[in-house]
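Before any comments, here is the structure.
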Amino acid sequence: MILDWLAVFFALVAVVWTVLPLFRADAWWIRAFEFPRVQLSILTMTAWVAYVAVVGWHDPGDIVVLVALSVCIAFQLVRIVPYTPLYPTQLKTAVNPKPEDSLSLLVANVLTPNRNAERFLEIVRDCDPDVVLTVETDAWWESELDALESDYPYAVKQPLDNLYGMHLYSRLELVDPQVLFLVEDDVPSIHAELVLRSGHRLELHCLHPAPPSPTENETSAERDAELLVVAKTLEALDRSVVVMGDLNDVAWSATTRLFQRLSGLLDPRIGRGMYSTFHANYPMLRWPLDHMFCSTDFTLVSIARPPYFGSDHFPMHAVFCHTPTVGAAQEQPDADREDRKWADEKIDKVNTDEEGIRAVSGPRPSTQR
């Protein structure tokens, strides 16, 4: 009897944890269940097997429980399968990419207390990216990253001691770089035009919104608003765009998928793999938090997760190729009226101005060439 009750309880937990994120509540403890979809899939499958082994399917109630667990398993798989090689790629693979059209990007959450800067600089040298974005960088990290300046003449620096510092280094010309505080006064983002070697210009947006958690924000409202504010500015834009950063949201979440539909940007992970970047120290508790999205006039040369360097995040490295002729062949995510209404509701929950972008007073960014 005790085993029967344990099997029923186990099944109930699996169902509740699957269903909770379907509610549009912003509470951190609800949104948190969007993150471990792989782990919840395994949990639910285990609950299904345990229920059959312990309780069986002797009456209609058992059938109801097993059908509910099966539906939960199917739902979880629908969310995660697109981020595996079993699914068609959303961003096509580049064919004969030209160096002048290529763009190599590296993004890394360095973890402020982490002091293994030399290992990170080795990763930069090994990947040899055109653009390096670091987040959680304070004044100490800035002094260590000064070693990049000989190879990366363009830089935007916003050191902070609150886990939201941000530094951008580029070999390619940055035009009119800005540090904006889109939603929260102490959470910056970097925005600039980037000039490829071919002379083609693209918009670059670097983000690191605060996560929903009991130690940061009690709800996901601020994170969601920052992502969707940027997405709405890109929705009607007919030009090249790259968005990158630690978004503190998983690739398959409702908000990230809404971000894609509003912005029309493509995810190189889809059809290739999860490339889970957090938590670097716990292999069984990992999910994709660090992202790169691009417009449909790009193709993908390569994508990789570089090695561990002491942070709780792995870096992400990707090489894109500007391929304007491929745009029509790539299906662009598209938002409908309900998506736009939902995005507006999310943005309205935070104190932004009528345009959704708010630059506030505070430490001014250091920009150099």
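The values are calculated or read from the model by the stated rules, or taken from the named source; none is laboratory data. Bear in mind that the values here come from a model prediction, so they are computed numbers and not experimental data. Note that each Cβ is placed from the backbone with ideal geometry, even for glycine, and that neighbours are counted across all protein chains shown. Only protein heavy atoms, including side chains, enter the accessible area calculation; ligands, DNA and RNA are left aside. Shrake-Rupley method; radii C 1.70, N 1.55, O 1.52, S 1.80 Å.
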When (1) open to solvent by less than 20 Å² (accessible area, probe 1.4 Å); (2) in a strand (DSSP E or B) are applied to G327, the one that fails is (2)
Is there a residue being surrounded by 16 or more Cβ atoms within 10 Å (Cβ to Cβ), in contact with a helix residue (DSSP H, G or I) (Cβ under 9 Å, 6 or more places away or on another chain) and aromatic (F, W, Y) anywhere in region 168-178? yes
Take region 218-234 and flag every residue that is among the polar types (S, T, N, Q) and not in a loop (DSSP other than H, G, I, E, B). T219, T233
Only one of D126, D161, D176 is assigned to a loop (DSSP other than H, G, I, E, B) and among the acidic types (D, E). Can you tell me which? D161
For residues in region 192-217 being part of a strand (DSSP E or B) and farther than 16 Å from L106 by Cα, which is most open to solvent (accessible area, probe 1.4 Å)? R201
Return yes when F33 is under 18 Å from S213 (Cβ atoms), open to solvent by 30 Å² or more (accessible area, probe 1.4 Å) and free of Cβ contacts under 8 Å to residues at least 24 places away in the same chain and no when it is not. yes
Quick one: is T255 assigned to a helix (DSSP H, G or I), polar (S, T, N, Q), in contact with a Gly (Cβ under 8 Å, 6 or more places away or on another chain) and in contact (Cβ under 8 Å) with a residue 24 or more places away in the chain? no
Would region 87-103 turn up any residue that is polar (S, T, N, Q), open to solvent by less than 30 Å² (accessible area, probe 1.4 Å) and assigned to a helix (DSSP H, G or I)? no
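Yes/no per residue for (1) of a type in the set (A, V, I, L, M); (2) surrounded by 12 or more Cβ atoms within 10 Å (Cβ to Cβ); (3) at pLDDT 95 or above; (4) farther than 29 Å from S276 by Cβ:
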| position | (1), (2), (3), (4) |
| --- | --- |
| F10 | no, yes, no, no |
| R24 | no, no, no, no |
| W28 | no, yes, no, no |
| A53 | yes, no, no, yes |
Do you know which of the residues in region 135-178 that are of a type in the set (F, W, Y) and in contact (Cβ under 8 Å) with a residue 24 or more places away in the chain is nearest to V124 (Cα to Cα)? Y169
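Let's see how each residue does on (1) closer than 18 Å to F320 by Cα; (2) at pLDDT 95 or above; (3) open to solvent by less than 20 Å² (accessible area, probe 1.4 Å); (4) of a type in the set (A, V, I, L, M, F, W, C):
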{"position": "A236", "(1), (2), (3), (4)": "no, no, no, yes"}
{"position": "R269", "(1), (2), (3), (4)": "yes, yes, yes, no"}
{"position": "Y275", "(1), (2), (3), (4)": "yes, yes, no, no"}
{"position": "S302", "(1), (2), (3), (4)": "yes, yes, no, no"}
For residues that are open to solvent by 20 Å² or more (accessible area, probe 1.4 Å) and among the aromatic types (F, W, Y), tally how many sit in region 130-151. 1
Check off (1) under 19 Å from L168 (Cα atoms); (2) modelled with pLDDT under 95 for V241 and give me the number that stays unchecked. (2)
Report the residue count in region 307-324 for those that are under 24 Å from L194 (Cα atoms) and either open to solvent by less than 10 Å² (accessible area, probe 1.4 Å) or part of a strand (DSSP E or B) (or both). 8
F259 is checked against (1) over 21 Å from P21 (Cβ atoms); (2) surrounded by 23 or more Cβ atoms within 10 Å (Cβ to Cβ) and fails just one. What number does that condition carry? (1)
When region 104-121 is checked residue by residue, the ones that are open to solvent by less than 70 Å² (accessible area, probe 1.4 Å), touching a residue at least 40 places away in the same chain (Cβ under 8 Å) and not polar (S, T, N, Q) are L105, L106, V107, A108, V110, L111, R119, F120
